[in-house]
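Structure first, commentary second.
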Amino acid sequence: MAKATVAAVVYPATGQRDTVLLTRRDVAPFKGCWCLPGGHIDAFEPVETAVRREVFEETGLDFEPSGFLGWFDEIFPEHRFHAVVLAFSGPGSGTPAGQPGEVADIAWFPLDEAIAMPLAFNHNLVLQRHAASINP
């Protein structure tokens, strides 16, 4: 059965929507790959609460979802992984700090560079949708 997850395109609180925060995974699946902050929605947890919580847990940033980018299928039989991700964009404030044991590294990237990277899950598609939303 598919799991419900969230992903966040976090940009600096200064409003530079063409700069995004990525984390390098320290857990399977896709261990060692860069990705967007996010994760599973807990039972009975509202979606916006989940995305705020996941961003804070993984990055130490306070996230304010200001845009809904859509939903994306994430079906990876080779990893025995099936999820539907709800993706949001918005500013993150604070000082980034990756969660030990889950996040191996954390960094800001220019949007075009991030889109060109081989990201985990379907996060390249999420970033492409974000790029389209800021450059219609």
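Values quoted throughout were computed directly from the atomic coordinates according to the rules given, and no laboratory measurement underlies them. This one's a predicted model, so the numbers in the text were calculated from it and none came from an experiment. We place every Cβ from the backbone using ideal geometry, glycine too, and count neighbours over all the protein chains shown.
Can you classify region 16-69 as rounded, prolate or oblate using the Cα gyration tensor, where a ≥ b ≥ c are the square roots of its eigenvalues, rounded means a/c under 1.5, and otherwise it's prolate if a/b beats b/c and oblate if not? The shape class here is oblate. Database remark: amide H of THR19 closer than 5 angstrom to the amide H of LEU111 (H placed geometrically; neighbours at sequence offset of 5 or more, or on other chains; Pro and chain starts carry no H).
Sparse packing (at most 15 other Cβ atoms within 10 Å of the Cβ) combined with a DSSP loop state is found for the following trypsin sites (Lys or Arg not before Pro) in region 1-86: LYS31, ARG80.
Taking the number of Cβ atoms within 10 Å of each Cβ as an exposure proxy, the fewest-first ranking of PHE76, PHE109 is PHE76, PHE109. Calculate the FRET efficiency for TRP108 and MET1 from the Cβ-Cβ distance with a Förster distance of 41 Å, rounded to the nearest 0.05. That pair, TRP108 with MET1, gives E of 0.70. Rounded, prolate or oblate: pick one for the chain, where a ≥ b ≥ c are the square roots of the eigenvalues of its C-alpha gyration tensor, a/c under 1.5 means rounded, and failing that, prolate if a/b is larger than b/c, else oblate. Taking the square roots of the gyration eigenvalues as a ≥ b ≥ c, the chain is rounded.
Suppose only helical runs count, i.e. DSSP H with n ≥ 4. What mean residue ellipticity at 222 nm does that imply for the chain under -39500 (n - 2.57) per run, divided by all residues and rounded to the nearest 500 deg cm²/dmol? Calculated from helices alone, the mean residue ellipticity at 222 nm is -7000 deg cm²/dmol. The DSSP beta bridges internal to region 3-134 are antiparallel in roughly 70% of cases.
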